[in-house]
Amino acid sequence: MVGTANNGRMRHAFSVVNGEEEVGVNSVPPSNAGSEYGGFEFTREDVYGLLNERMKYKNKFNYKERCENMMDYIKRLRLCIKWFQELEGGYLFEQEKLQNALDFTESKCAEMDLMLKNKEEELNLIIVELRKSLASLQEKLSKEESEKLAALDSLAREKEARLTVEKSQASLLEEQGKIQGELQSANQRITSVSDMYKLLQEYNSSLQLYNSKLQTDLDTAHENVKRGEKEKAAIVGNLSTLRGQFMLLQDQYNSCKICNVGFLKVWVHLYLTFEDKKPSITGIDICVEKQTVTINLASVDEVAKQRDTLVNEVASLRAELQQVSEDRDSLLLQVQTLTAEVVNCEELVEKSNELKEKCLSQSNQLKTLQDELQATQNKLRVSDLSVFETKTEFEAQKKLISELENRLEDAELKIVEGEKFRKKLHNTILELKGNIRVFCRVRPLIPEDCPGADEKVVSYPTTTEALGRAIDLTQNGQKYSFTFDKVFMPDASQEDVFVEISQLVQSALDGYKVCIFAYGQTGSGKTYTMMGKSGNPEQKGLIPRSLEQIFQTRQSLQSQGWKYEMQVSMLEIYNETIRDLLSTKDSSRTEYGSNGKQYAIKHDANGKTLVSDLTVVDVCSTREVSFLLDQASHSRSVGKTQMNEQSSRSHFVFTLRISGVNENTEQQVQGVLNLIDLAGSERLSKSGSTGDRLRETQAINKSLSSLSNVIFALAKKEDHVPFRHSKLTYLLQPCLGGDSKTLMFVNISPDHSSSGESLCSLRFASRVNACEIGIPRRQANMRSFESRLSLG
């Protein structure tokens, strides 16, 4: 029952714990080598045999034999107990050693985590600084560009101004020549005018003297005229009185003529009668025809004399009056001639003043023209200096702009390298954590969307930490914030999306299992993201672009000794039934699949997933895969609902298996690329599905609900994860709970009427992003000697 070192065979030690591997000879603690029982080992059978052994005696009453057998049994028990104690000590020692190693490894892991966190923080700080520097450089560049544009504009303006100045200078030179000619002629005219002015001044002075003389003569003439008029008036008055007296005397004379004869007769009679008596008669009163006339005989002679004198005076006065009127007329003619000469003199004075003013204005114009010419020449000098300074400043700005452009290029290269390094570290951290990466893509608004409220449903934070990684969704006035690994805005192109996953696709060639699947409500752009739009190269989806990159990289890696073989399979899960989309047989729809086969999903111990009887096609070029994709897209189940004109009614799974061998290093890799377009979740109240569409909707929602349950179980780290509740989750089991690199696209719609479904999709995506599925393992090994011989 107990083997020894001399019995010719070596037994393996049994395991202490049920179900564990047995401990070999080399696993025995070193303390057994120096003990007296070091040559013995016990197995499980030995121990059970020793414990269940029944001692047999030839004679019951032979106590000596019984004691010897008992002593031998006790000795063997002691030997077993001793062996167990030493084995336990060795196990304790190994346990302590392993515990120390575990503690050391955990401390190293903690240090590595701390170092990674510190490194990540440092890199984040570096990225923030680089972004700040990029922003500042961009601002500086924009400022410099604006300054450059301003300088170019100013230079253009300066050139235009210089041309205009040159033109104005030429015109000014012409005007200067003209003005100089005019100046010479003006100078000549000025000299002639000045001579004429002197003559006019002399003539004016003589005219002024003559005018003053004429004025004095005019004044004396006026005085004489006034005096003559006064004398005339007096004479006229005297004449009128004399005329009155004359008339009176004429009347008296006429009356005297009538009475003269009678008077004479009477007088003679009286004279004769009274001559003898000789009385002194001085007057006679005569009464004729009852009138009494008194005649003064002495006054008659006097009256006659007075009449004669008066007649003479009247004649002389008339002669004088005639002379005075003639003098007055001659004086009036002189006055008129003098006034005409005065008017002519005044006109000459005005002309001379006008000539003076014209001469002064021309001299002032000449001065202003000279000043303008001087100012223009000064401006021309200043413009020449400013043009030279602008040229030098432009050259300096040009050099500065070139330096800034070089610095900007260096900064952009550093930023690109830093972003690549950040992505690499981020991917490494995510791979070490084992999280599922999540990208969010928002499709643009289309005309079929319902017009919503004024506020935007989806917004994007612009902070440095959240830029390109965060998204806000507003529903019923409440804002919900989410953060993912990447957020694509509606204006993001297919190329922008593929650039972010190109390295993940590349890792499939390096021997990793890669899974990328699109999730979201119906009409949110999942199929467009994965497949794209046929006929437009710029709108190709992730699947065609991934295949192009893989085949291009395969071609470039041939120079390094790599040879790859690739196999493609495509299937869809329609109403919880697997359909082969590449089957060449009749594709009539039956209960079990496209051609009546029942496909089963199998996972082996190495984590490989196989679908029984599924068509697998060897491919060598992108054209072959494109042909297969077109065939699969025509075979896929598509239907029309109220939410989407062409709604995918099944889950589409594209699988590319890659086997690579490096002839130089004898290294083998095996990678898998799974690209999955999930059917869209939808509400029956909105989709209006009936009949077959209703059954399809129920199957789709059930499979997506199972996917949610699997995600919840993974997030809570439950012992049991319900992968088998759906064909979809069972097919995705290696991607969700294995060692693959998994990325999920959550597609949402910015339509106001779809805000509820978009919020559910974002919440599900945030739970997916928090799941830890394990660290990805690279499927790589060295090629065996037999395979090398077979290949050789």
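List of remarks:
- Filter pass, Gln646 being open to solvent by 40 Å² or more (accessible area, probe 1.4 Å) and modelled with pLDDT of 70 or more: no
- Sole residue being of a type outside the set (A, V, I, L, M), part of a strand (DSSP E or B) and at pLDDT 90 or above, chosen from Glu565, Glu548: Glu565
- Any hit, segment 86-98, residues being modelled with pLDDT of 75 or more, assigned to a helix (DSSP H, G or I), touching a Gly at 6+ places or on another chain (Cβ under 9 Å) and farther than 30 Å from Ala411 by Cα: yes
- Residue satisfying all of: in segment 479-494; modelled with pLDDT of 90 or more and not in a strand (DSSP E or B); surrounded by the fewest Cβ atoms within 10 Å (Cβ to Cβ) among these: Asp491
- Scanning segment 628-636 turns up one or more residues that are open to solvent by less than 30 Å² (accessible area, probe 1.4 Å), modelled with pLDDT of 85 or more and within 43 Å of the chain's Cα centre (by Cα).
- Qualifying residue in segment 500-507 (condition: hydroxyl-bearing (Ser, Thr, Tyr), under 28 Å from the mean Cα position of the chain (by Cα) and over 24 Å from Asn701 (Cβ atoms)): no
- Residue count for segment 133-157, restricted to those that are open to solvent by 80 Å² or more (accessible area, probe 1.4 Å) and touching a helix residue (DSSP H, G or I) at 6+ places or on another chain (Cβ under 7 Å): 2
- Any chance Thr368 is open to solvent by 50 Å² or more (accessible area, probe 1.4 Å), under 30 Å from Ser212 (Cα atoms) and of a type in the set (Val, Ile, Thr): no
- Taking helices (runs of 4 or more DSSP H) as the structural unit, those lying wholly within segment 691-762 and holding at least 1 residues that are hydrophobic (A, V, I, L, M, F, W, C) and modelled with pLDDT of 85 or more correspond to 692-716, 727-731.
- Within segment 78-96, residues that are more than 18 Å from Tyr48 (Cα to Cα) reach partners that are of a type in the set (Ser, Thr, Tyr) and part of a helix (DSSP H, G or I) with beta carbons closer than 7 Å, at six or more positions or on different chains, in the pairs Glu86/Ser31; Gly89/Ser31; Gly90/Ser31.
- Some residue of segment 206-228 being in a helix (DSSP H, G or I), closer than 15 Å to Val324 by Cα and of a type in the set (A, V, I, L, M): yes
- Residue check for Ser107: closer than 30 Å to Arg407 by Cβ and loosely packed, with under 11 Cβ neighbours inside 10 Å: no
- Residues in segment 511-527 that are under 17 Å from Ser703 (Cα atoms), open to solvent by 10 Å² or more (accessible area, probe 1.4 Å) and either in contact with a Pro (Cβ under 7 Å, 6 or more places away or on another chain) or in a strand (DSSP E or B) (or both): Tyr519 alone.
- For segment 202-219, a residue qualifies if it is surrounded by 13 or more Cβ atoms within 10 Å (Cβ to Cβ) and of a type in the set (A, V, I, L, M, F, W, C), and the qualifying residues are Leu207, Leu214, Leu218.
- Within segment 734-749, residues that are open to solvent by less than 10 Å² (accessible area, probe 1.4 Å) have Cβ atoms under 6 Å from residues that are of a type in the set (Phe, Trp, Tyr) and part of a strand (DSSP E or B) in these pairs: Met744/Phe517; Met744/Tyr519; Phe745/Phe439; Val746/Tyr519, counting only partners at least 6 apart in sequence or on another chain.
- Screening segment 528-545 for residues that are part of a loop (DSSP other than H, G, I, E, B) and open to solvent by less than 50 Å² (accessible area, probe 1.4 Å) and picking the one that is nearest to Asp677 (Cα to Cα) gives Met531.
- Residue in segment 190-198 that is open to solvent by less than 70 Å² (accessible area, probe 1.4 Å), within 30 Å of Leu380 (Cβ to Cβ) and out of contact with any Asp or Glu (no Cβ under 7 Å at 6 or more places or on another chain) present: yes
- Those residues of segment 324-361 which are among the hydrophobic types (A, V, I, L, M, F, W, C), surrounded by 11 or more Cβ atoms within 10 Å (Cβ to Cβ) and closer than 23 Å to Ala221 by Cβ, in sequence order: Val324, Leu331, Leu332, Val335, Leu338, Val342, Cys345
Here's the yes/no breakdown for (1) over 60 Å from the mean Cα position of the chain (by Cα); (2) open to solvent by less than 90 Å² (accessible area, probe 1.4 Å); (3) basic (Lys, Arg):
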site	(1), (2), (3)
Glu160	no, no, no
Val165	no, yes, no
Glu174	no, no, no
Ala221	yes, yes, no
Ala234	yes, yes, no
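- Residue that is farthest from the chain's Cα centre (by Cα) [pool: residues in segment 139-158 that are free of Cβ contacts under 8 Å to residues at least 12 places away in the same chain and farther than 25 Å from Leu380 by Cβ]: Leu149
- Test: Asn378 is within 30 Å of Ser205 (Cβ to Cβ) and assigned to a helix (DSSP H, G or I): no
- A search for C-beta distances below 7 Å between a residue of segment 622-642 that is assigned to a helix (DSSP H, G or I) and any residue that is modelled with pLDDT under 80 and open to solvent by 20 Å² or more (accessible area, probe 1.4 Å), counting only pairs 6+ apart in sequence or on different chains, returns Ser635/Ser587.
- Inside segment 671-681, residues that are open to solvent by 10 Å² or more (accessible area, probe 1.4 Å) and modelled with pLDDT under 85 make up a count of 1.
- Segment 371-403, subset of a type outside the set (S, T, N, Q) and within 30 Å of Arg189 (Cα to Cα), residue surrounded by the most Cβ atoms within 10 Å (Cβ to Cβ): Leu373
- Selection status of Leu79, surrounded by 14 or more Cβ atoms within 10 Å (Cβ to Cβ) and in contact with a helix residue (DSSP H, G or I) (Cβ under 9 Å, 6 or more places away or on another chain): no
- Unique residue being part of a helix (DSSP H, G or I) and surrounded by 14 or more Cβ atoms within 10 Å (Cβ to Cβ) when the list is Leu130, Leu114: Leu130
The values are calculated or read from the model by the stated rules, or taken from the named source; none is laboratory data. Given the structure is predicted, the values throughout are model-derived calculations rather than measurements. Counting neighbours? That spans all protein chains shown, and the Cβs are built from the backbone with ideal geometry, glycine included. For the accessible areas, the whole protein counts, side chains as well, though only heavy atoms, and no ligand, DNA or RNA atoms are used. Shrake-Rupley method; radii C 1.70, N 1.55, O 1.52, S 1.80 Å.
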